Structure formats: C-alpha cells, structure tokens
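Asks: Below are the structure tokens for one structure; questions will follow.
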Number of protein chains: 2
Amino acid sequence: MTHDCSFLEDLDLADDQLSFAEGRRESHAADWGAEQTGDGVVPDAVVYPERTADVSEILAAATERGVPVTPYAAGTGLEGNAVPARGGISMDLTRMDEIVDYRPEDFQIDVEPGLIGSAVDEYVADDGLFFPPLPSSGDISTIGGMVATDASGMQTVRYGEIVDWVLGLEAVLADGTVVRTGSRAIKSSSGYNLTDLIVGNEGTLAVVTEVTLELSGRPQQIRGGRAIFETLDDATEAIADAIRTEVDVAKIELVDDLSARIANRYLDTGLPDAPMVFLEFHANHGIEEEIDLCRTIFEEHDVLRFEMSDDDAEMDRLWKARRELAYAVRSYDADLEPLHPGDVTVPLDSYPEIVRETKRLADEAGLLAPCYGHAGDGNLHHTVLVDPNDPEQVERGEAVYEQTVERAIELGGTVTGEHGIGQGKRKFLEAEHGAGGVDAMRRVKRALDPTGTLNPGKIFPETEAE
Amino acid sequence: MTHDCSFLEDLDLADDQLSFAEGRRESHAADWGAEQTGDGVVPDAVVYPERTADVSEILAAATERGVPVTPYAAGTGLEGNAVPARGGISMDLTRMDEIVDYRPEDFQIDVEPGLIGSAVDEYVADDGLFFPPLPSSGDISTIGGMVATDASGMQTVRYGEIVDWVLGLEAVLADGTVVRTGSRAIKSSSGYNLTDLIVGNEGTLAVVTEVTLELSGRPQQIRGGRAIFETLDDATEAIADAIRTEVDVAKIELVDDLSARIANRYLDTGLPDAPMVFLEFHANHGIEEEIDLCRTIFEEHDVLRFEMSDDDAEMDRLWKARRELAYAVRSYDADLEPLHPGDVTVPLDSYPEIVRETKRLADEAGLLAPCYGHAGDGNLHHTVLVDPNDPEQVERGEAVYEQTVERAIELGGTVTGEHGIGQGKRKFLEAEHGAGGVDAMRRVKRALDPTGTLNPGKIFPETEAE
C-alpha cells in the first residue's frame, strides 16, 4: 500500500515542511493505541503545514492523485485515530499552534489545532478565565485532537464536552475548499450545524485549521478530596444517587478496589485497598452545603471515609492515587499490559450495572480488570491486564473487552464516550447506530470526501468505499 | 406547481389521515411569518402520520414520484419554515404527540414531535424536573418545531439551546430510511454527530419522529423582577457588564424605550417610557448575593429602579410589560404592522452596538423600531412598523431590515439565533457562512435527500437543485 508522494515536492512548501525520512515516517505510525488496534501502516511522507493555505494545497493535490491523507498531532489517541491505515501522507499539524485572536470581553479565543490544550488555560488565566472541558491529557494533547474526537474529561460532569465549547471553526475539505462554520454569537439556528458535524469527525471529513473556543470564569470556591467505600456497589450507587440528587460536583471519579490496590502499592499510600471516589467541587456560593449534601448521600451508602479540603497541597495529596493511577497500572506487573484501554459510557442509572458486569466478566475469565472513570457522566475506563505473549490469555481478554462494550450498547450507552472510534472500535459502530445510522454517516462522508482521501480505514466497519 | 398526490390514497393510511380539502390545504400554507417571507403555496394534499412507519411509507412513495414533502406542526414559525414553497404534500405531525418513555432516574424523556413543548414540563413537574430551553411560545409550539429550528428562549442564557438538551432522536430520510442517532449516554464520541446535524435542519434533511430530551431539576430558589434605565445605552451596557461578570441570571430581557412606551400604553402601567430590563434568577445557594452583584453593576450604569421579588404574584406583576409586549406591539396602531419579525444574535460585546445601530437605521428612515430580546445571549428581536399599504414605507422598512441583518453579520453574529432560515432569510445565508460553508451544506443536503423531496425552497438561496 505504497503511494507515490513525490508530487509534494512541487507544492509551495519550504524544505523543512516535508519529510520522507524513515524515522519521521515511523514516528507518525504510532499513537497510544495504535499497537493494539491493528492496521496501522507507516505513511509514505510526512508534511508539516504552517497555514491554512498549505493544508488546502496539500489536500487538493492529494485528492487529485488519490493519495490518502491522515491528520496527526500529539499522537495521544487510544484507537489508532491518527495513524494511517492506508499509508499515504501523514499531515502533522503541530506547527499550526498559534493563538490567533483572544477576546476576553466575549469569553472567546481563536486557536490553531496544534496548540496544546493546557496552553489555552495558561494564556487566559490572568483574566480569571479557563477552558473547562480539557481532558486529563490536556497538557500533552492538542486542541485539534480534542476537537477531532470530541474529547471530554473529569470536569465534563459539570461543564460538558468539547463540542459544547466550540463556537465555530475553520476547516479544509478533501478537495481543498476552506469552510468557516458557526459564528461568534453564542447561539444560532442559521443553516446546518457543520460545527458539531466536524467536531468528532476524526479527520475523516475535514482538517480543522482554526477553532473558536468559549471560555468560562474561574469559580470562586474550590474544594477537593476523596471518599472511600467498603464495596464497589456502595461506591457506584452513591455516585448515581449524588448525580440524581443534582449535587453540584465538578469532578466525581470512581477508582475500583483493584485499581486502588495497584495505586496504593505503587505509591505506598497506606490506604485500604477499597473502592475510592475522588471529588472536586466548584461554586461561587454554598460550596459547603453541596459538600454536606454529598456527604449525607455517601453516608447512606456506608462511606468509610470522606475527606475534603480547600488547601491546594492537601487536595493534591488526597487526589494522588487518582492522578497517578494510569502510571501505576502500567507498572503493576512487567508481564501484563492493559488490553484496549478506552472507555464506554452508559446512562447514569446503569452505571452500577456496567461496573459490576465488567468485573464479573473479568473474574470469570480469570483476568484482572482495573476500572476507573468519570463516573458522573456514566463513563467507565475498562481494561483487562493480559500477558501479550500468551495468546490464550489475550483471547480471553478480547472476549471480556467485546462483551463489556456490547453490554454498554445494550444498556443504551455508547461504545466510546471520549476517545472516538478510530480503527479499534469500528466493529461496534453498526451495533450502536444501526444500519440506517451508519448508512447516513457514510452518505455524509461521501458527500464531503467523495474520493475517500481523508483518513481512510477509520470509523466505518468496512473500508472499500472510504 | 401542482403535484398529483393521488398515490397517497393507495398507501396504508386510514381515511382520516389524508385530506385534499381546500380548507385543510390552505390552513397548511400559513404560519406566523409566511405572509411576509413570500413564496408560500398551498399544498396539494395534507397527510397526518400517526407512527414512524407512516412517515417512512409516505416519504418513500413521494420521493419515488418526485413530490415535495414539507413537515408541519403548530405553524408558529416566523420564516415560512413549514409552509410549502413548491406545493406537494404537507406532512402534519400533530397527531404524533405521545410521550413514549420517561426515565426520571436518568433525567430523560422520549417524546414524539407533535407534542406541545409545555406538556413536557407539566408531565415531569411532580418529580421536580423541567425542560429548560423552551422558547416563549412553548405553550403553543411543538417539540418537533423546536428541534427543526434549534429554538431557544429566555432561559438560554443559563441553560442553553434545544440542541444542548437533545440526546438523540429518530428521524426518517427522504427515501424512507429510519435513522436513530445518539444514545442515552450523556456524552459520546462515536461516529458523526447526526443528532446535532438534524437539530436545526428545518425539515430539509429528515423528518424527526421521536426525540430523547434531557431534563433538569428545578432550582430551589427563584427571584424575578425588573430594572428601569434612563437610556438605552445604559441598559445594554449594564447587561453586557453583568454577563461579562458572570452574574448567574436565568433570564435577562431587554425592552427598549419605544417598546416600553407601547407596553405602558397598552397596559396602562403608569411606568416611565424608559428602557427596561426584566430579570429572573435561579439558584440553589446564594441567590441574594447574585442579585446584589447584579444590582451593583446596574447601579454603575445609573439604573433608575431595580425591583426584585420572591413572590409569584409580584414577579408576575413586575414582568407584565415584557410578557404582553408582543400583543401590545401588534395592537399599537391598526395601520402599522411589524415587518419581518425575527431575530439576529451577536457576540455579547457587540450587543450595545447592534441595538444602537438598529435604532439609528430606523430613525433615519423615519420608522418606528420596537426592539427587545434575550439580551444575555446577544439576541435582538428587531422589527420596524410599516403600513403594508404604503409601498414606499415598506421599501424603507425592507432597507432597515436588511441593513440590520447585514450589520449583525459584520459584528461576527448570526442572521438568526432561534427562528431558522426558512424562506425569509435565505438571501443572507452566504453572507454569513461564505461560499464554502454553503457549498458544504448543499453537499450534505444532496447526500441525504438527493431528489430534493424534503421541504424544497428553504434555507438555500437558489432553489433549483433543492
């Protein structure tokens, strides 16, 4: 699947905007999930656009020649989203990382896609503003990647997803057409909502070249801390109950007993190996009343400890096990690796059920399944630990993974709350959206990218047409 | 432009689901705005589907025969959105008005499109829930119409638009394909966001047959009232300042001095003919602090009166001039009619400017322009009063209207914040979205409705292809 990309040398690009070097190409065939999602192939060339006109010129030329183009930035995707499935060109957008315009009086900022997410927060901090939907990887992943997958994170329970904070964007279609969507007004019913269509498109409909983000004022009161429960059911039921009661939490994170054990060992915390819930509260008024309400609900579910603080250092300390959990899991056992790290998201009322089910499936398969997630959204990061050199164990792990995802669909949920479909979850698309839904998505894909230039082999289960 | 619709008699419909009677057909050629948007023609038949299968069968048969289908419900649109531009079939969805499923534990309700909006509020009230984005016409307009135009209203400043409260939907494409979008999970990054694409499509991409709505808990504290300012600039600057300071308002409505005069005369209020701002606050904690903050900001802008109450009857009294404003304007002068009632929406920082500009344009044209709107969103309902029998006056009115809309675009705003494009605002679509944006919308339209069956003659400026 090699494509002749020499035509790139004839475009209006500087020498350092184009590379055919093996090392560069190979580094663009990797992301956090690509190894396990399969199909990733090394691109034939890497280009580094520096402006919208570069993106447009490259796309038009590639489309004319039938060469695939896959947008790439930080490479922090979990589903092989940004790794070429068909070779061709990797379009690396990390050089387009400018803040184009900042309008604090309107709570708006226009940024390029290669900008690291946390850079937005830093830029606007002096005005008392912040960008609430940043995912946990916000200090290494880019705005473009977040927009491409409609990312979300710990604060989504209070503030929503990326799509809720994108007012409009500039994007380039496969034929080079530059499109501007949305406006600077905070609401509109003018024409089709192309903004929300392009958010979450995973680079299959258009390459985003600029984004207008909304910002929020920082809350005047912040408290953070941790609760420890006796059983996992107690923890998940307490969370569901708190959300149903509309306790105003800004973060509410579940860490199951196995994950707690892994984190406790890694960090030598001295805490019990029991299910934990990590909390943060944001408010301008009445934060203590919200915390009291939460505590009361948690006590009804036999909470063992409930510790909250308004001191930054103490909050950090209380949150440590959650913050370092991903590292702890990765270093738990040199022989074991997390299989298909990613998430499912279900309606809140089904949250205890999906957690129970995931644990049950793993237990029956004799595998360890550390579970954690943005529980207030019904989000569960589930994985099983397997020895990649033991095919039989991997096979059992795959079965647990598939059954968990299928169970999320049965519960009315989604196969991915925040990481996109990429290559890894294509096989579940039709089970979630039905044949009619997938067909409508395919029609939209063909309408905007009839030659299938953009990121072929992603999202859709079969790949001939795309 | 007559279409043979006799094929409808061969479909699996009861006798009373189909009408060719002139009265029925004529009643479906009218909505609140059709008279002024032009082009509306009487449909050749009216059908009343009662289930999704009916919608699918009718659409498939109509598409096969090249007969246009325009969805219709309450007829409360302002832009001729639901009035046929090309005859054919008016599909009246008011019989599909069931509540299909209600899941209070998940804050979700599934409803059919013909349900009146306020019926949702009534149904869930006993559980302490409500549906926040209802527009002012919520007690007469339908959920389907709100979804079709991505409506919004007074509470959008705190709670967002319709699109923010639609989790998923069922819709039928022109060829009869039934599509289910979204899920019951509160977030997802699985595939393209067809939900948000169909919300606001004005019946040009699909006919919505079921909607999953999110609900919210009722706030524990509510206060409402009114402020009166000396000048319009004081009022608009005070509003912009309050929103910039993130005063937590649930409603913040501007009524200009002319509108105040009209309302005062109509209601005999004894109030000064001065610009007014109507406010409502929702909170679970600290509502008095928010009101005090708002009052302080308003005082910096020389507010003359600031009256707030927690008593229902008193709140009603304070709000009366706002509530009855539309009736007051319509009955102001028997010879004058509001020309093109509708809205533009601009970034908040430009709100004082668009209000000033609208008044200036009307003054220069020697016309009366009562202005009011959901000011916290940057929304302005602007109109000029003209004598429809005086062509020269109408022409001056048209010029004011067009210049106001164009100015909103220049300010980075949108030509319609909440009423859709319909027929009335097609001519502005390209100025707002650019040729690239409109072309992308057209491609989506052709992909999902290649024969142009659904609501032709709407949204897009030229109409041959659609």
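Quick note: the coordinates plus some simple rules give every number you see, no bench work behind them. This structure is a prediction, so every number in the text was calculated from the model and none was measured. So basically every Cβ, Gly included, is an ideal-geometry build from the backbone, and we count neighbours across all protein chains shown.
Asks: Modelled label-to-label distance, A:R244 and A:A399, 7 Å Cα→beta-carbon offset: nm?
Replies: 3.4
Asks: Next up: Helix A:287-300 against the longest principal axis of chain A: what's the angle in degrees, Cα atoms only, rounded to the nearest 10?
Replies: 70
Asks: To continue, here is another question. Using unit Cβ charges (K, R positive; D, E negative) and no other charged atoms, how large, in debye to the nearest 20, is the dipole of the protein assembly as shown about its Cα centre? Before the final figure, lay out each step's value.
Replies: On the way: 76 positive and 184 negative charges, 214 e Å.
Using only the charged Cβ atoms, the result is roughly 1020 debye.
Asks: Tell me whether the stretch B:398-446 comes out rounded, prolate or oblate; compute the Cα gyration tensor, take square roots of the eigenvalues as a ≥ b ≥ c, and use a/c under 1.5 as the rounded threshold. It would help to have the intermediate numbers written out before the result.
Replies: Details: a/c = 2.16, a/b = 1.68, b/c = 1.28.
Judged from the Cα gyration tensor, the stretch B:398-446 comes out prolate (a/c at least 1.5, a/b above b/c).
Asks: Over the residues of chain A, compute the C-alpha Rg and express it relative to 2.2 N^0.38 Å. It would help to have the intermediate numbers written out before the result.
Replies: Details: Rg = 22.4 Å, N = 466, 2.2 N^0.38 = 22.7 Å.
For chain A, the normalised Cα radius of gyration is 0.98.
Asks: Next question. Restricted to Cα positions, what overall size does the stretch A:131-281 have along the principal axes? Three whole-Å values, descending.
Replies: Computed over the stretch A:131-281, the largest-to-smallest principal extents equal 58, 31, 27 Å.
Asks: Taking the beta-carbon count within 10 Å as an exposure proxy, list B:D106, A:D139 from fewest neighbours to most.
Replies: Numbers: B:D106 24, A:D139 13.
Fewest-to-most Cβ neighbours within 10 Å comes out as A:D139, B:D106.
Asks: Shifting gears a bit: Exposure proxy check: B:D268, B:D335, B:D233 ranked by fewest other beta carbons within 10 Å? Don't jump to the answer; show the numbers that get you there.
Replies: Details: B:D268 7, B:D335 11, B:D233 14.
Result, fewest neighbours first: B:D268, B:D335, B:D233.
Asks: How about B:K425: which lysines have a C-alpha closer than 25 Å to its C-alpha, ignoring those fewer than 8 places off in the same chain?
Replies: Partners found: A:K187, B:K359, B:K445, B:K458.
Asks: On to the next question. Would you compute, from DSSP H runs of 4+ residues alone, the mean residue ellipticity of the protein assembly as shown at 222 nm, taking -39500 (n - 2.57) per run and dividing by the full residue count, rounded to the nearest 500?
Replies: Details: 30 runs with 316 residues, N = 932.
So the helix-based figure for the protein assembly as shown works out to -10000 deg cm²/dmol.
Asks: How would B:M91, A:M315 line up from fewest to most surrounding beta-carbon atoms within 10 angstrom? Please list the in-between numbers first.
Replies: Details: B:M91 28, A:M315 21.
Lowest count first: A:M315, B:M91.
Asks: Mind pulling the angle between the C-alpha long axis of helix A:429-448 and the longest principal axis of chain A? Nearest 10 degrees, somewhere in 0 to 90.
Replies: Helix A:429-448 and the main axis of chain A meet at about 30 degrees.
Asks: Partner chain Cβ atoms within 10 Å, averaged over the residues of B:343-352 - can you pull that number for me? Don't skip to the answer; put the middle values down first.
Replies: Numbers: counts 2, 3, 8, 5, 10, 8, 7, 4, 0, 0.
Per residue, the number of nearby Cβ atoms from other chains is 5 on average.
Asks: What average number of partner chain Cβ atoms lie no more than 10 Å from the Cβ of the residues making up B:245-251? All intermediate terms of the calculation are to be shown ahead of the outcome.
Replies: On the way: counts 1, 9, 1, 2, 0, 0, 0.
Taking the mean over all residues of the peptide, I get 2.
Asks: Using only the Cα atoms, what convex hull volume per residue in Å³ does the stretch B:99-217 have? List each step's numbers first, then the result.
Replies: Details: hull volume 11.5 nm³, N = 119.
Looking at the stretch B:99-217, the number lands at 96 Å³ per residue.
Asks: List the relative contact order of chain B as a percent without decimals, with contacts defined as Cα pairs under 8 Å and 6+ residues apart. Walk me through the intermediate numbers first.
Replies: Details: 1042 pairs, mean separation 72.9, N = 466.
16 percent.
Asks: Further, regarding this structure: Averaging sequence separations of C-alpha pairs under 8 Å and six or more residues apart, then dividing by the length of the stretch A:221-322, give the relative contact order as a whole percent. Could you put the intermediate results ahead of the total?
Replies: Numbers: 182 pairs, mean separation 48.0, N = 102.
Relative contact order of the stretch A:221-322: 47 percent.
Asks: Here's another thing I want to ask about it. Can you give the log10 of the normalised intensity I(q)/I(0) at q = 0.22, 0.23, 0.24, 0.26 Å⁻¹, computed with Debye over equal Cα scatterers of the stretch B:6-94?
Replies: Values, matching the q order: -1.03, -1.11, -1.19, -1.34.
Asks: Provide the packing ranking of A:219-229, A:337-347, A:95-105, B:317-327, i.e. peptides ordered by the mean count of other C-beta atoms within 10 Å per residue, highest first.
Replies: Values: A:219-229: 19.8, A:337-347: 25.0, A:95-105: 15.9, B:317-327: 18.0.
The densest-packed peptide leads the list: A:337-347, A:219-229, B:317-327, A:95-105.
Asks: On alpha-carbon atoms, Rg over Rh for the stretch B:349-410 using Kirkwood Rh?
Replies: Details: Rg = 11.6 Å, Rh = 11.8 Å.
Ratio of gyration radius to Kirkwood radius: 0.99.
Asks: About the Cα centre of the stretch B:99-217, what is the dipole size in debye to 20, counting +1 per Lys and Arg Cβ and -1 per Asp and Glu Cβ, all else neutral? Please list the in-between numbers first.
Replies: Details: 5 positive and 19 negative charges, 64 e Å.
So the dipole magnitude of the stretch B:99-217 works out to roughly 300 debye.
Asks: Still on this structure: When the Karplus curve 6.51 cos²θ - 1.76 cosθ + 1.60 is applied with θ = phi - 60°, which whole-Hz ³J(HN,Hα) does each residue of the stretch A:360-377 get, with x for Gly and Pro?
Replies: Those phi angles translate into 5, 4, 5, 4, 4, 8, x, 10, 8, 10, x, 10, 7, x, 7, 5, x, 8 Hz.
Asks: Determine the sum of side-chain charges near A:E289: Lys and Arg each +1, Asp and Glu each -1, restricted to other residues whose C-beta is under 11 angstrom from that of A:E289.
Replies: -3
Asks: If you find the alpha carbon centre of the stretch A:188-204 and of the stretch A:120-143, how far apart are they in angstrom?
Replies: Here the two parts' Cα centres lie 22 Å apart.
Asks: If I take every Cα pair under 8 Å that is 6 or more residues apart in the stretch A:340-405, average their sequence separation and divide by the length, what percent do I get for the relative contact order?
Replies: Working: 92 pairs, mean separation 25.2, N = 66.
Reported as a whole number, the value is 38 percent.
Asks: Residues with beta-carbon under 10 Å from that of A:F130, excluding A:F130: net charge, scoring Lys, Arg +1 and Asp, Glu -1?
Replies: Working: positive: A:R218; negative: A:D121, A:E122, A:D127.
Neighbourhood net charge equals -2.
Asks: In whole Å and largest first, what semi-axes does the C-alpha gyration tensor of the protein assembly as shown yield when each eigenvalue is scaled by 5 and square-rooted? All intermediate terms of the calculation are to be shown ahead of the outcome.
Replies: Numbers: eigenvalues 388, 235, 152 Å².
Whole-Å semi-axes of the equivalent ellipsoid: 44, 34, 28.
Asks: What's the magnitude of the charge dipole for the stretch A:239-389 around its Cα centre, counting Lys and Arg as +1 and Asp and Glu as -1 at the beta-carbon? Answer in Debye, nearest 20. Please report the intermediate quantities before stating the final value.
Replies: Numbers: 14 positive and 34 negative charges, 107 e Å.
Computed charge dipole of the stretch A:239-389: roughly 520 debye.
Asks: Please list, or write none, the lysines whose alpha carbon is within less than 20 Å of the alpha carbon of B:K320, excluding same-chain residues fewer than 8 places away.
Replies: B:K251
Asks: Sticking with this structure for a sec: So what's the net charge close to B:R24: Lys and Arg +1, Asp and Glu -1, counting the other residues with Cβ under 13 Å from its Cβ? Mind showing how you got there, number by number?
Replies: Details: positive: B:R25; negative: B:D16, B:E22, B:E26, B:D44, B:D92.
Charge balance in the 13 Å sphere: -4.
Asks: Here's another thing I want to ask about it. Need one value for B:430-443: mean number of C-beta atoms belonging to other chains within 10 Å of its residues' C-beta atoms. Display every interim value, and only then the final one.
Replies: Working: counts 1, 0, 6, 10, 5, 3, 10, 13, 3, 4, 15, 7, 2, 8.
That average works out to 6.
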